[in-house]
Amino acid sequence: MRPLFVYLALFLNAVAFGQSSEITARLDALNATVSLVNNEYVQNAIDVQVANKNNHTNELLGYSALYLKDVEDSLEQHGLPHELQFLIPALSDYDMWKVSDDGGSGFWQLRYVIAKRYGLKISSYIDERRDYQRATSAAIPYIKHLYEVFGDWHSVIAAFMADEVEVNKAIRMAGGSRDYWEYHRFLPARYQHVVPNYIASVYIHSYFNEHRLKPLEISKTGLEEVAITKWLTIYQLSKALEVDYKQLKDDNAIFKKQVIPDTDKTYFIKIPFDKIERFYTLGDSIYTYQSHDTDGTVEPVQVAEESKPKTQEPAQTKPNVSTGNRLIYYTVRKGDYLGRIADLYDCRISDVKRWNKLRSDRINVGQRLKIYKPANKYSKYNKINSMSTYQKNQLIRKD
């Protein structure tokens, strides 16, 4: 007679097989353009979603209801499979502040080079990848390009997260097979999750009721854009308008340092519709508004020297050590680009190019760049060159 634990193991295996078969049947029933296979990788990703740890899946479903209708419409207008909308929660979990190890940012986790190629503005202060509508307008032509290259949606999704080079390398290592599940294991580990997570995302958005999941009701205040004509911080504006700082910051995530710079351009900021009258009533006094009242959790934004108003003394055109600036060297590493380096050192891309006599945005791994910072901040910035990629990403996220 077999021991009891053997029968228990057989029973659990039968239950798991039955659940897996049911999920496979449900995926097949969706009749999607993008192949929705079920295997151990996909099943593991679905199990995580079904577990709903800390109510995370319900929250994702709530954000999907808020954002994905616009994305779906854009995809269909361009003749792309509507189910590609579920790539957003698979890539970013709707964390607009998320920065990947490769420098990807925003809902679509677009890398700097790709975002610039498709017309998004990225500078020391602005990052349009964090505006999901503008990012979608860049993601769509990139997806089309990848499909022209690979002709397979799984490969498109993998290359969107990694890049064409990584996918082609994995294909060669798999003996030339273009079947995604044949070359899946040859992709770098950090990219292997994206296709399974995508399929799990499609599944859970289609069958959340069957798993007793309930999308959170996430409401969003109506917003209106207003023109900002002078230097201003998001924190300063939140106090002047008496609105929640975190919400105002998230609504205007394209302003990376929570600063609207004073330049020749006019910038537009989104504020709650019911604060429009107050905004225009306050007029120019908004730009001089001072508040020392904090709730203990939000600190006023510390603004770098380079972003102060034009009423300050103009910056010198050349770094001069005698005025207190000190030279720092930064060695370019894989994944670096000028915008990222400028972020790390709280300066402008144009500054880095001028200091190093660069005629283009192109930099090479191993290249040594000159950076100038005030002497009293030397120790703070001199540490950056020795930081790990993770530490640098964390530093950028704090800005």
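When the residues of region 187-246 are filtered to those that are surrounded by 15 or more Cβ atoms within 10 Å (Cβ to Cβ) and of a type in the set (Gly, Ala, Ser), the one that is farthest from the chain's Cα centre (by Cα) is Ala240. Within region 17-133, which helices (runs of 4 or more DSSP H) (wholly inside it) include 2 or more residues that are under 21 Å from Val202 (Cβ atoms), small (Gly, Ala, Ser) and at pLDDT below 95? Fully inside region 17-133 and qualifying: 56-77.
Could you check region 79-107 and list, in sequence order, the residues that are touching a Lys or Arg at 6+ places or on another chain (Cβ under 9 Å) and either buried (at least 24 other Cβ atoms within 10 Å of the Cβ) or of a type in the set (Gly, Ala, Ser) (or both)? It would help to see each step written out before you state the result.
Step one: filter region 79-107 for residues touching a Lys or Arg at 6+ places or on another chain (Cβ under 9 Å), giving 79-80, 85, 91-92, 96-107.
Those that are touching a Lys or Arg at 6+ places or on another chain (Cβ under 9 Å) and either buried (at least 24 other Cβ atoms within 10 Å of the Cβ) or of a type in the set (Gly, Ala, Ser) (or both): Gly79, Gln85, Leu91, Ser92, Ser100, Gly103, Gly104, Ser105, Gly106, Phe107.
Residues are listed down the side, and each one gets a yes or a no for (1) in contact with a Leu (Cβ under 6 Å, 6 or more places away or on another chain); (2) at pLDDT 95 or above:
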position	(1), (2)
Lys214	no, yes
Glu217	no, no
Thr221	no, no
Glu225	no, no
Thr229	no, no
Thr233	no, no
Lys246	no, no
Lys256	no, no
Ile260	yes, no
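Of all the numbered requirements in (1) touching a helix residue (DSSP H, G or I) at 6+ places or on another chain (Cβ under 7 Å); (2) assigned to a helix (DSSP H, G or I), Gln236 misses one, and that requirement is (1).
The values are calculated or read from the model by the stated rules, or taken from the named source; none is laboratory data. Remember, predicted model here, so these are calculated numbers, not experimental data. Every residue, glycine among them, receives a Cβ derived from its backbone with ideal geometry; neighbour counts consider all protein chains shown.
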